[in-house]
Structures are given as C-alpha cells and as structure tokens.
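The values are calculated or read from the model by the stated rules, or taken from the named source; none is laboratory data. Small disclaimer: the values here were computed from a predicted structure and weren't measured. Glycine also receives a Cβ, built like all others from the backbone with ideal geometry; neighbour counts cover every protein chain displayed. Just so you know, the surface numbers come from the protein's heavy atoms only, side chains and all, with ligands and any DNA or RNA stripped out. Shrake-Rupley method; radii C 1.70, N 1.55, O 1.52, S 1.80 Å.
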Amino acid sequence: MDKSSALEYINQMFPTEASLSGVEPLMQKIHSEIRRVDAGILAAVRQQSNSRTKAKEDLAAATHAVEELMYKIREIKSKAEQSETMVQEICRDIKKLDFAKKHITTTITALHRLTMLVSAVEQLQVMASKRQYKEAAAQLEAVNQLCSHFEAYRDIPKITELREKFKNIKQLLKSHVFSDFSSLGTGKETEEANLLQHLSDACLVVDALEPSVREELVNNFCSRELTSYEQIFEGAELAKLDKTERRYAWIKRRIRTNEDTWKIFPPSWHVPYRLCIQFCKKTRKQLEVILDYLKEKPDVGTLLMALQRTREFEDELAEKFGGGTRSREIGNEIEEIGKENNGQSVSDIRKKYEKKFAANQGSVPEEKDGNKDLSVPGAGFNFHGIISSCFEPHLIVYIELEQKTLMENLEKLVQEETWDIEEGGQNNVLTSSMQLFLIIKRSLKRCSNLTKNQTLLNLFKVFERVLKAYAAKLKARLPKGGMGIVAAATGMDGQIKTSDRDERVICLIVNSAEYCQITSGELAESVSKIIDHQLATGVDMSAVEEEFSGLITEALMTLVHGLETKFDAEMAAMTRVPWATLESVGDQSEYVNGINMILSSSIPALGRLLSPIHFQYFLDKLASSLGPRFFANIFKCKQISETGAQQMLLDTQAVKTILLEVPSLGRQTSSAASYSKFVSREMSKAEALLKVILSPVDSVADTYRALLPEGTPMEFQRILELKGLKKADQQTILDDFNKHSPAIAQPSIAPAAAPAAPPVPASPAIANSTAGFIASREDVLARAAALGRGAATTGFKRFLALTEAAKDRKDGPFRKLFNA
C-alpha cells in the first residue's frame with residue numbers, strides 16, 4: 001500500500017477526533033494478527049524442510065528397484081537363448097527325416113502318375129486308330145489331367161517324348177473326325193444307320209480337344225453347306241435383285257430339312273446360328289455386286305421389295321436368336337406422334353410435350369459390354385442391318401420419290417384447304433397442318449421398316465424441307481400491304497387491309513404454326529430414338545421451329561397492322577373535327593365511337609381463336625401502336641381552342657377506357673394487369689399534352705416542362721401553334737423556353753408507330769443550369785392539377801356543369817376524367 005492509500009485508510013477509520021479513542025484497541029488487534037501470521041510462516045518452513053529429506057530417500061529407493069529389474073531381464077534373455085540353441089540341436093535330425101519322407105512321397109506319386117500316363121497314352125492311341133470316339137473322348141480328358149501334373153517336368157526327355165506322342169494322337173483324332181464329317185450331307189447318313197451316332201460321338205472328341213478345333217470344324221461345315229448356295233445364286237438367272245426373296249427361302253428350307261440331322265451337334269455349338277451369320281455375310285457380298293453393277297438406277301418398287309424382304313428376314317433371325325424387340329419399340333415411338341396431338345388444343349400439346357421433354361432429360365443410354373461372346377445367340381451380335389445395310393447407298397431414288405410424293409400431297413392439301421374450322425371444333429387448327437403430319441407419320445413408318453441409318457436421316461431432311469415449304473405457303477396466305485403506283489398515290493403503300501374473315505384466317509395460321517412448331521419437335525424426338533445412335537446428333541428441327549416461330553410473330557404483327565389500317569379513317573376524322581370552333585363540351589366524339597365499334601367487332605373473335613400467350617402479345621403490340629399514334633395525331637390537328645381541348649381530353653379518357661376493356665372483350669383477363677399499366681402509361685402522355693394546351697399562355701412553358709419532361713422544342717412550338725398564338729408571341733415564349741431548357745435536344749416529332757426513346761441523363765453542368773426549374777416543379781404540377789380540375793378558366797366551369805349533370809353515370813367517362 002502506498003502512502004496516499006495508507007492515509008486514506010487511516011482517515012476512513014478515524015474520521016473525527018472523537019474516534020481516536022479506538023486507536024489503542026486497533027493497534028493491539030494488529031499486533032495479534034502479526035504474531036499469528038509469523039507462527040504460520042514458521043510452521044510452513046519446518047514442514048517444507050522435512051518433506052525435502054523424505055523425497056530424496058524415495059528417489060534413491062526407486063532407482064535401486066529399477067537396477068534390480070534390468071538385471072533380472074538380462075538373466076531371463078540369456079536363458080532363453082540357451083533354450084533355443086538346445087531345441088535346434090534336438091530337432092536337427094528330425095527335420096532331415098521329414099524332408100526325406102516328403103521327397104519319397106512325391107517321387108512315388110510322380111512315378112505312379114507316369115505309369116498311368118504311359119498306359120493312358122497307349123490306350124488312346126489304340127482308340128484313335130480304331131475311331132472309338134466315345135471312349136477316346138473320356139480318355140482324352142484323363143490324359144489332359146495327367147499331363148497337367150507334369151508341367152514342371154517338361155525338360156525331362158521321357159516326358160517330352162510322351163507329350164509329343166500325345167500331340168500326334170490328337171492330330172490323328174482331328175484328321176479322322178474331319179474326314180468323317182466330310183461325308184455329312186452327301187447322302188451317306190441315309191445309307192449307314194450308325195453314321196449319325198458315330199458323328200455325335202466324334203463331337204465329344206472335338207469338345208475334348210482345343211476350342212480352335214471346334215471353331216475350325218464348324219466353319220468348314222458351314223462353308224461346305226453354303227457352297228451350293230453360292231453356285232446357285234451366282235448364276236445369271238438368279239443373280240438379280242428381284243430374286244432376293246428366293247435366297248432367304250433357300251436357307252429357311254435348308255435349316256428346316258436338316259433340322260433332325262444337325263441334332264448330332266451339341267446345342268452349345270450353335271451351328272444353325274453360326275450358319276446364318278455366314279449366310280448373311282455371303283448374301284451381303286453378292287447383293288453389293290448386283291447393286292454396284294446395275295447399268296441404270298434401280299426400279300424403286302423392286303429395290304424396296306428386296307429391302308423389305310431382307311428386313312423381314314433379319315427380323316426373323318433376330319427373333320429366333322435373340323434381340324427382336326427393337327421393331328415393336330420403333331412402332332410405338334411413331335404411333336405416339338399422332339396420338340399426342342389428336343383432339344387436343346395447341347396449349348395442351350405444348351404442356352404435354354414440355355413435361356415429356358423434361359422427363360426424358362434424366363434418361364441415360366445403356367452401356368455396351370465389349371466382352372460379350374458373339375458366337376453365342378443373343379450375346380451381342382445384331383442381325384438388324386447385316387444384309388440390308390448394303391442397300392443404303394442406293395436408296396437415294398427412294399428418298400427422291402418420297403420427297404416428290406410429300407410435295408405433291410402438300411400442294412393438294414393447301415389447294416383443298418378451306419381456311420376455316422368446322423363448327424364445334426376444339427383445336428382451332430387448319431386441317432392441312434394435321435393432315436400433313438399424318439402423311440409424314442406414314443412416310444416415317446414406311447422408312448423405319450426399311451432402314452434406320454443414313455436413309456432415315458435423309459428422309460428427315462426431306463421432312464424439314466416439306467415443313468419449311470408449308471410455312472412459306474402459310475406465310476403467303478397472310479394479307480399483304482398495298483404496292484405499286486396506285487397504292488403510293490392514294491397513300492395506301494404498305495398498309496394492310498383485313499376483313500373479319502382475314503382476321504380469322506390469320507388466327508388459324510397462328511394456331512397452326514404453333515401446332516407445327518410443337519409437333520416438329522416431337523417428330524425430331526421420335527426420329528432420334530429410332531435412328532442409329534451414331535446419327536442421332538444430326539436430327540435437329542430447330543430451323544423449322546424457328547421458321548414457324550417467325551411465322552407466328554409475322555402473323556400477329558399482320559393482325560396489328562390490319563387493325564391499324566382500320567383506325568386510319570377514325571384518326572383522319574379526328575383531325576377533321578373543328579376543334580377551334582367548338583362551342584361546348586358534349587359526349588364522346590364520333591371517331592371514338594368508331595374506334596369502339598372496330599374493337600368490339602374484332603376483339604371477341606380474336607380472343608376466342610388465339611391462345612392466352614398470343615392474345616397477350618397481340619394486345620401489347622396494339623397498345624404500343626395505338627397509344628403513340630393517338631398522341632402524334634393530336635399534333636396533326638389544325639388549331640384547338642379551350643373548349644376543343646376539353647372535348648379532346650374527354651375523348652382521350654374514353655379511348656383509354658375502351659382500350660382497358662379490350663381484355664374483357666376477348667374474355668382473356670389472366671394477364672390484363674401488365675397490359676392495363678402499359679395503356680395507362682401511353683394514354684397519360686396524350687392527357688398531359690392536352691392539359692398543357694389548356695394551360696394559360698404565361699405558364700404554358702412551365703406546365704410543358706412539368707408534364708412532358710421528355711418533350712422537344714419542336715413539339716412545344718407545335719403546341720403554341722395549336723393554341724392559336726401568333727408568330728411573334730410564339731417566338732417570345734420559345735426564346736424564354738430555350739433559355740431555361742438548354743439540355744433538351746431538338747428531334748422531330750416521332751411517327752405514330754415509333755416508340756418513344758428513353759430519356760438521356762443530363763450532365764452535371766446542365767443539372768446546375770436547370771436547378772431553378774427543378775425547384776419550382778412541384779408548384780407547377782400543383783397549378784396544372786388545379787387547371788385540370790377546372791379552377792382556372794370560365795370554360796372549365798361550363799365543363800364541370802356538364803360533369804355534375806352526368807354524375808349519376810357511375811361508369812361514364814366524365815367521372816373517370818381526372819382520377820389519374
């Protein structure tokens with residue numbers, strides 16, 4: 001404790017003079033505590049001194065015990081070594097005797113086996129010379145097992161001599177067996193009753209010999225059987241394409257006739273299977289020669305008939321020897337093309353196809369096992385295409401015929417198309433599109449029964465060309481704009497006129513194009529499953545799908561342009577209204593009624609025929625066209641008085657209401673929210689323009705900048721002309737406007753169909769120069785709103801009186817006029 005702390009403690013204990021009387025008792029207490037602490041310290045020192053001595057004694061005892069333990073361990077190790085030496089000396093003689101016994105036993109066994117081997121080889125030689133195949137087969141097995149015991153003694157002369165003798169015997173047996181089998185099929189089996197049994201026993205010998213002997217025997221037998229086939233069908237009479245079916249009849253008859261005779265072969269040899277493989281290879285070579293040396297293109301009927309019979313023969317072989325389910329799977333794939341789309345709407349087809357495509361994403365092709373034995377039926381050899389593949393290079397004439405037939409059918413379907421739908425129809429698709437895919441399906445089925453290689457891919461390319469041609473014909477059926485000198489002179493150049501029937505036709509073309517787009521993808525998916533896996537990457541319908549997608553877009557835009565053309569008369573009528581001389585504000589103008597009539601007559605049919613997605617696209621394009629066009633059409637008017645601007649504002653609200661009710665007219669309101677926002681945004685620009693025209697002259701520039709911040713000086717000048725100002729007054733206001741608006745560019749007024757360009761952000765310098773204008777923006781907006789509510793002029797009071805008179809019309813245009 002430092003001095004300051006001690007002083008604080010003393011002052012705390014004795015704060016007053018009277019408390020000093022307790023100093024003496026406190027001192028006594030402190031001395032007592034000091035004595036007690038000293039005694040405790042002394043006792044601890046004594047205890048520590050005693051503990052140190054005891055610890056030294058314990059450590060010395062432990063060290064002595066460890067030394068004794070190490071001595072005992074060394075003693076035990078020495079005794080163990082002595083014991084091991086003693087055991088080795090005792091067992092030395094026993095080990096020698098054990099090795100001697102083992103060698104004697106091995107020698108006796110080897111001599112015994114050698115005796116058996118010598119005897120067996122002698123017996124086998126006698127059996128081979130007498131052609132006793134059944135006994136020789138069993139003896140061969142015994143000799144083979146005995147020889148395996150002498151593999152380690154191959155260098156001993158006696159063993160080498162026996163092995164060489166055994167090899168000669170096997171060669172003798174092989175030559176006897178091959179000689180006996182050469183008589184099979186010559187008619188001797190009918191003369192000699194025991195010949196078949198004798199040959200059956202010979203097969204046992206062949207199985208006991210090396211596997212190569214069996215392979216050689218089967219190959220020789222198959223070659224001998226097919227010798228007569230080669231001689232018959234290489235002649236001039238039968239070496240023709242139209243005689244192909246007789247080849248397959250020959251081999252079937254041969255197998256059927258000799259079925260009982262060939263039972264001498266063990267089932268594991270698969271002689272009929274091996275015979276059919278060699279027959280197919282020889283037939284393929286002969287057909288290749290026939291096809292290559294044709295002097296002119298082969299007749300399509302003859303070629304397809306030969307190919308069809310070949311495919312049927314291959315299917316029979318695949319069914320007989322395994323692997324015959326592929327054709328049925330292919331038939332199911334083709335049938336699905338027609339079943340998917342029968343009696344369903346286009347949207348249903350799209351949903352089903354998307355689900356199916358997503359489900360197929362997880363499928364993984366099976367891996368092929370390269371270690372399968374192709375000599376065993378069903379183990380990997382594929383009879384499909386073993387002969388028919390030689391027809392592939394010559395099937396171009398078939399593809400040309402299919403293309404010609406498909407194109408002729410397409411022309412016929414388009415010519416017979418009524419461009420209408422049957423009453424009570426559910427899918428709103430042209431008949432020609434459904435019929436076209438039925439014809440394509442039949443063509444695909446025909447080709448898949450013949451080949452699944454390059455020819456099928458070539459036919460798929462033909463399908464692409466046919467579908468693109470159909471898309472072009474649908475596109476040609478769309479109404480076109482006026483062209484030529486007369487159209488240019490009348491101002492109709494490029495405009496599209498559509499009747500109610502034209503609009504229905506366009507909707508059917510849209511639905512048919514969507515149907516074709518979806519079904520084309522389905523067709524490609526089916527073909528990719530049918531065709532050879534190596535060619536599946538070439539199956540792609542994306543170009544056709546893009547073609548029909550572009551057709552859908554063009555058809556919908558044609559529909560929009562057709563309605564735009566119908567609005568031309570109403571837009572012209574709007575500009576002919578004497579807005580400068582109107583005396584009072586009445587109900588909506590006639591051109592508004594005309595717009596309403598046009599939409600009321602067209603939209604219900606369009607909503608009924610178009611799918612929700614396409615109808616929404618059509619509405620968006622219509623709104624993006626009519627809104628800016630109405631805005632630009634205001635500038636085309638000559639002069640607009642205050643009353644005229646009020647009447648036009650009323651008409652604008654009526655047009656906005658009509659456009660917002662368009663989804664309800666089409667009975668498709670699922671996505672009307674985004675459309676309503678778009679219409680409100682576009683029509684609010686026209687309302688803002690009319691409010692600028694209604695503003696007083698002294699505040700027109702501030703109102704224009706507030707309500708139309710993206711406006712241009714040229715538009716502002718045109719507004720001044722619409723207000724009827726003189727040139728001198730216009731120039732004064734323009735100078736003041738340009739002075740306070742240096743950042744505004746001066747492009748020309750946008751055309752009706754062109755969308756407004758996005759505003760360009762101003763630089764910091766421009767922002768500083770317009771700070772005063774931005775500061776007063778809220779005030780200008782408040783004044784413009786008050787002006788819109790009729791608080792500025794006497795003319796607006798008359799307008800409000802008309803509004804009060806119509807207050808009972810809850811859905812009328814007056815009540816909705818300034819709600820925005």
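What percentage of the solvent-accessible surface of segment 389-471, computed with a 1.4 Å probe over protein heavy atoms, is contributed by carbon and sulfur atoms?
Carbon-and-sulfur percentage of accessible area, whole number: 50.
For segment 540-554, take each phi angle, set θ = phi - 60°, evaluate the Karplus expression 6.51 cos²θ - 1.76 cosθ + 1.60, and give the result in whole Hz per residue in order, putting x for glycine and proline.
Each residue of segment 540-554 in turn: 8, 10, 4, 5, 5, 4, 5, 4, 6, 5, x, 5, 4, 4, 5 Hz.
Per residue, how much accessible surface does segment 619-672 expose to a 1.4 Å probe? Answer in Å², no decimals.
Heavy-atom SASA per residue in segment 619-672 reads 33 Å².
Would you mind pulling out the separation of the Cα centroids of segment 620-682 and segment 77-134, in Å?
113 Å
Measuring with a 1.4 Å probe in the full set of protein chains, what accessible area per residue, in whole Å², belongs to segment 1-100?
The answer is 95 Å² per residue.
With a point put 7 Å past each Cα toward its Cβ, work out how far residue 302 is from residue 138 in nm, to one decimal.
Between residue 302 and residue 138, the label points sit 6.2 nm apart.
If you filter segment 203-292 for GluC sites (Glu not before Pro), then keep DSSP loop positions with at most 16 other Cβ within 10 Å, what is left?
234, 237, 259
Compute the separation of the alpha-carbon centres of segment 244-280 and segment 526-578 and state it in Å as a whole number.
60 Å
Taking a cut-off of 13 Å, what percent of all Cα-Cα pairs in segment 1-56 are separated by more than that?
Here the tail beyond 13 Å accounts for 73 percent of pairs.
Could you give me the ³J(HN,Hα) list for segment 629-634, computed from phi with Karplus coefficients 6.51, -1.76, 1.60 and θ = phi - 60°, whole Hz, x at Gly and Pro?
5, 5, 4, 5, 5, 4
At a 1.4 Å probe, what is the % contribution of carbon and sulfur to the accessible area of segment 557-633?
Numbers: 1670 of 2860 Å².
Here carbon and sulfur together make up 58 percent of the probe-accessible area.
Given the peptides 76-88, 428-440, arrange them by the average over their residues of other C-beta atoms within 10 Å, most packed first. Kindly include the intermediate steps, with their values, before the conclusion.
Numbers: 76-88: 9.6, 428-440: 20.8.
Ranking, from highest mean packing down: 428-440, 76-88.
Per residue of segment 269-275, what does 6.51 cos²θ - 1.76 cosθ + 1.60 with θ = phi - 60° give for ³J(HN,Hα)? Whole Hz please, x for Gly and Pro, Karplus curve as stated.
Values per residue, Gly and Pro as x: 7, 6, 4, x, 4, 5, 5 Hz.
Provide the packing ranking of 558-570, 708-720, i.e. peptides ordered by the mean count of other C-beta atoms within 10 Å per residue, highest first.
558-570, 708-720
For each pair in 95/158; 412/529; 174/263; 102/167; 566/656; 282/452, compute the distance between the two Cα atoms and list the pairs where it is over 24 Å. Intermediate values should be presented prior to the final figure.
Numbers: 95/158 32 Å; 412/529 31 Å; 174/263 21 Å; 102/167 32 Å; 566/656 18 Å; 282/452 22 Å.
Those over the limit are 95/158; 412/529; 102/167.
Can you give me the long-range amide H partners of residue 421? Hydrogens built in the peptide plane at 1.01 Å from N, cutoff under 5 Å, separation of 5 or more residues or another chain.
It is none; the list stays empty.
In segment 456-593, with Lys and Arg counted as +1 and Asp and Glu as -1 at Cβ, which of these residues, 498, 563, 528, has the Cα nearest the positive end of the dipole, that is, farthest along it?
Selected residue: 528.
Grab the Cα-Cα distance for residue 37 and residue 292, subtract it from 0.36 nm times how many residues apart they are, and report the gain in nm with one decimal.
Values: separation 255, 0.36 × 255 = 91.80 nm, distance 12.65 nm.
Working it through step by step, the gained length comes to 79.2 nm.
Pick out, in residue order, every one of the trypsin sites (Lys or Arg not before Pro) in segment 88-163 that is DSSP loop and has at most 15 other C-beta atoms within 10 Å; say none if there are none.
Listed in order of number, the matching sites are 154.
Tell me the relative contact order for segment 606-724 as a rounded percent, counting alpha carbon contacts under 8 Å between residues six or more apart.
38 percent
Which value, in debye to the nearest 20, describes the size of the charge dipole of segment 127-279 about its Cα centre when Lys and Arg Cβ atoms bear +1, Asp and Glu Cβ atoms bear -1, and nothing else is charged?
With only Lys, Arg, Asp and Glu charged at Cβ, the dipole is about 100 debye.
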